[in-house]
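The values are calculated or read from the model by the stated rules, or taken from the named source; none is laboratory data. Quick caveat: nothing in here was measured; it's all calculated off a predicted structure. Reconstructed Cβ throughout: ideal geometry from the backbone, glycine too, with neighbour counts over all protein chains shown. Note: accessible area is taken over every heavy atom of the protein model, side chains too, but ligands, DNA and RNA are not part of it. Shrake-Rupley method; radii C 1.70, N 1.55, O 1.52, S 1.80 Å.
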Amino acid sequence: MSSWPNKWEELPIGGVVDKPGNSLEVKTGSWRALKPVIDLDKCIKCLLCWVYCPDNAIIRRDDDYVEVDYEYCKGCGICAHECPTKAIDMVEEGGE
Amino acid sequence: MSRIRRLNEIPRKELFTSGHSLCAGCGIPPMVKMALKAIEGDKVVVNATCCLEVATTLYPHTSWLVPWVHNAFENAAATASGIESAMKVLLRKRDGKKYKIIVFGGDGGTFDIGLQSLSGALERGHNFLYVCYDNEAYMNTGIQRSGGTPLGAATTTSPAGRVIPGKPENKKNLMDIVIAHRVSYAATINPAYPTDMWNKFAKASDLLDKNEGPIFFHYYSPCPVGWRMDTALSIEAARLAVQTRLWPVYEVDHGKIIINIKVNKPKPIEEYLKIQGRFRHLLKPENRGVVERLKKYIDNNWNRLLKLAELDSIY
Ligand SMILES: Cc1ncc(C[n+]2csc(CCOP(=O)(O)OP(=O)(O)O)c2C)c(N)n1
Ligand code: SF4
Ligand code: SF4
């Protein structure tokens, strides 16, 4: 359910935000111009991209390989620049 | 909290969520994510007004999964002092709960306007961790220079042109001011050295358990927007800042200075300057004098640290 109220009367008293972490409703992936594409054959599971991603848009799987969460990735390119094996390419959104 | 050697030892669960409005490539989140994981147990975050605050709490949303307190620009350390004092009273009078207090403030909120509240809190000795994330200007209000802005950096209030070559003054040495309060533990942290950063937070967590605060961290926080830099280069800039000796990574543990990242063969400062638009004018021949001043500052600062690190304690 969205945190945006339909009417002002639905706002919590005092304007408190009573849903911790609800910025997950804000899909910042729409900011992106370039998108990271990971080649898992080259990934050595160093997890640098996961540690650095400012938007938690690198998902660390159970086996420690990584995936991109395109709902939130803003396309900054830090992951691609920092990857020691150049496993990540930044490609134009809508291209390919 | 246990120390790590590899990044896969960091727990998966995030306490700082996606969907915030910090710029693409912002250097603040890697530090915040790590702090919330490495500082063990219940905690409260106290946030001075700054990019981190305004971009993670856009009503009606929040990116925090821990209790979080809004502050004015100048009083985060005072709020933390009050919270800690209240917690102590509750613990004494009835079954209170012990939790850790983490403050995040920008360089404007720490070097400048919040300095007196920080100094008071450090002197009174409240048990908290204060992290100044230093993006080297007042960023969320439009890139105004601060006491943390380095020599020669162009900001909207120190524009590079015919009158001045960027900021005419050197950066204030905040760590020196903090150390003057004889805090138990103070350290610089840098995202290009994530295991070092984790282990410092882990140590801070242990010290907070032992009521050994206040603890102070100075974080190098890359800002692609304010530094006019490619968003992909945030961590690269952080690494070059250390590798040129501009930004030493060190800790002061009960008065003992330890340089954590040794830089035996420093890179030329020009490598750091050239990737950032805020410094581009410094590469012109007429501004060579500014670069020379910067080099002198770097050498003096590094040599002084080496000397201090020889002492058993500077306290
Ligand atoms: C007393 C006061 N003056 C001015 C402001 C406006 N203001 C809010 S945040 C800010 C700048 C914060 O700079 P910094 O602490 O460096 O954090 P950054 O924005 O760079 O993250 C200013 C000037 C304010 N909130 N309160
Ligand atoms: S930085 Fe590269 S090698 Fe490391 S985990 Fe990410 S994709 Fe894999
Ligand atoms: S202005 Fe700089 S510090 Fe502020 S959110 Fe943007 S990149 Fe981060």
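Scaling against 2.2 N^0.38 Å puts the C-alpha radius of gyration of segment A:43-96 at 1.07. Between the amide H of B:LYS100 and those of B:ASP42, B:LYS43, B:VAL44, distances stay under 5 Å, these residues lying 5 or more places away or on another chain, with hydrogens modeled in the peptide plane. Here the dipole of chain B is about 360 debye; that uses its Cα centre as origin and unit charges on the Cβ of Lys and Arg (positive) and Asp and Glu (negative).
Peptides B:36-42, A:74-80 ranked from most to least packed, by the mean per-residue count of other Cβ atoms within 10 Å: A:74-80, B:36-42.
What net charge do the residues around B:LYS172 carry, taking every other residue with its C-beta under 15 Å from that of B:LYS172, with Lys and Arg at +1 and Asp and Glu at -1? Walk me through the numbers on the way to the answer.
Details: positive: B:ARG145, B:LYS167, B:LYS171; negative: B:ASP107, B:ASP112, B:ASP134, B:GLU136, B:GLU169, B:ASP176.
Computed value for this residue: -3.
Sequence-ordered 3J(HN,Hα) estimates for segment B:156-172 from the Karplus curve with 6.51, -1.76 and 1.60 and θ = phi - 60° stand at 6, 10, 9, x, 7, x, 6, 7, 9, x, x, 4, x, 9, 6, 5, 5 Hz, glycine and proline given as x.
When the Cα atoms of segment B:7-309 are aligned to their principal axes, the ranges along those axes come out at 68, 47, 40 Å in descending order. How far apart, in nm, are two points set 7 Å out from the Cα along the Cα-to-Cβ line at A:ASP41 and at A:SER2? My value for the distance between the label points is 4.4 nm. In the context of the full set of protein chains, chain A has a per residue accessible area of 57 Å² (1.4 Å probe). Neighbouring Cβ atoms from other chains, within 10 Å of the Cβ of residues in B:62-74, number 2 on average.
Checking an interface number: how much accessible area is buried between B and A, summed over both chains, with a 1.4 Å probe, in Å² rounded to 100?
Answer for the B-A pair: about 3200 Å² buried.
The phi-based Karplus calculation (6.51 cos²θ - 1.76 cosθ + 1.60; θ = phi - 60°) puts the 3J(HN,Hα) values of segment B:177-191 at 5, 5, 5, 4, 8, 6, 6, 5, 8, 9, 8, 9, 10, 8, x Hz, whole numbers, x for Gly and Pro. Relative protection proxy for B:257-266, B:55-64, A:56-65, from highest mean packing down: B:55-64, A:56-65, B:257-266 (other beta-carbon atoms within 10 angstrom).
With Rh defined as the Kirkwood radius, the inverse of the mean 1/r over Cα pairs, the Rg/Rh of segment B:161-257 is 1.04.
About its Cα centre, how strong a charge dipole does segment A:43-96 have in debye, to the nearest 20, once Lys and Arg get +1 and Asp and Glu get -1 at the Cβ? For segment A:43-96, the charge dipole is close to 260 debye.
Amide H to amide H, with H built 1.01 Å from N, B:PHE128 comes under 5 Å of B:GLY213, B:ILE215, counting only residues 5 or more places away or on other chains. Residue by residue along B:261-272, Cβ atoms of other protein chains within 10 Å of the local Cβ number 0 on average. When the C-alpha to C-alpha distance is required to be over 28 Å, the pairs from B:LYS98/B:LYS200; B:LYS256/B:LYS296; A:LYS45/B:LYS13; B:LYS33/B:LYS93; A:LYS27/B:LYS100 that qualify are B:LYS33/B:LYS93; A:LYS27/B:LYS100. Against the criterion of solvent-accessible heavy-atom surface with a 1.4 angstrom probe, B:GLU14, B:GLU169, B:GLU53 sort, most first, into B:GLU169, B:GLU14, B:GLU53.
What the phi angles of segment B:36-47 give under the Karplus curve with 6.51, -1.76 and 1.60, with θ = phi - 60°, is a coupling list of 5, 7, 7, 7, 6, x, 5, 8, 10, 9, 10, 10 Hz, glycine and proline written as x.
What is the Cα centroid distance between segment B:219-295 and segment A:46-96, reported in whole angstrom? The two parts, judged by their Cα centres, are 25 Å apart.
On a per residue basis, the convex hull of the C-alpha atoms belonging to the protein assembly as shown measures out at 165 Å³. Can you return the aspartates and glutamates within cross-link range of B:LYS43? Criterion is Cα-Cα under 20 Å, with same-chain partners fewer than 8 residues away left out. Partners found: A:ASP18, B:GLU14, B:GLU53, B:GLU84, B:ASP95, B:ASP206, B:ASP209, B:GLU212. Shown for segment A:73-95: residues covered by the partner protein chains by 50 Å² or more of accessible area relative to the chain by itself (probe radius 1.4 Å), namely A:LYS74, A:CYS76, A:ILE78, A:HIS81, A:GLU82. Contact with the other protein chains removes 30 Å² or more of accessible area, compared with the isolated chain and a 1.4 Å probe, from these residues of segment A:40-59: A:TRP50, A:VAL51, A:TYR52, A:PRO54, A:ASP55, A:ASN56.
Percent of C-alpha pairs per 5 Å bin in segment B:71-186, short distances first: 2, 12, 19, 19, 15, 12, 9, 5, 3, 2, 1, 1, 0. The portion of the accessible surface of segment B:7-309 made up by carbon and sulfur, rounded to a whole percent, is 55 (1.4 Å probe; DNA, RNA and ligands excluded). The magnitude of the dipole of the protein assembly as shown, with charges of +1 and -1 set on the Cβ of Lys/Arg and Asp/Glu and taken from the Cα centre, is near 1120 debye. Its DSSP H runs of at least 4 residues, each contributing -39,500 (n - 2.57), put the calculated 222 nm mean residue ellipticity of the protein assembly as shown at -8000 deg cm²/dmol, to the nearest 500. For the set B:LYS98, B:LYS307, solvent exposure ranked by accessible area (probe 1.4 Å, protein chains only) runs largest to smallest as B:LYS307, B:LYS98.
Probing with 1.4 Å while keeping every protein chain in the model, the per residue accessible area of segment B:7-309 equals 37 Å².
Other chains' Cβ within 10 Å of A:22-33 residues: what's the mean? Don't skip to the end; give the middle numbers.
Working: counts 8, 15, 6, 4, 8, 2, 6, 2, 0, 3, 1, 1.
Shielding by partners across A:22-33 averages 5.
In this structure, the amide hydrogen of A:TYR72, modeled 1.01 Å from its nitrogen in the peptide plane, lies closer than 5 angstrom to those of A:GLY29, counting only residues at least 5 positions away or on a different chain.
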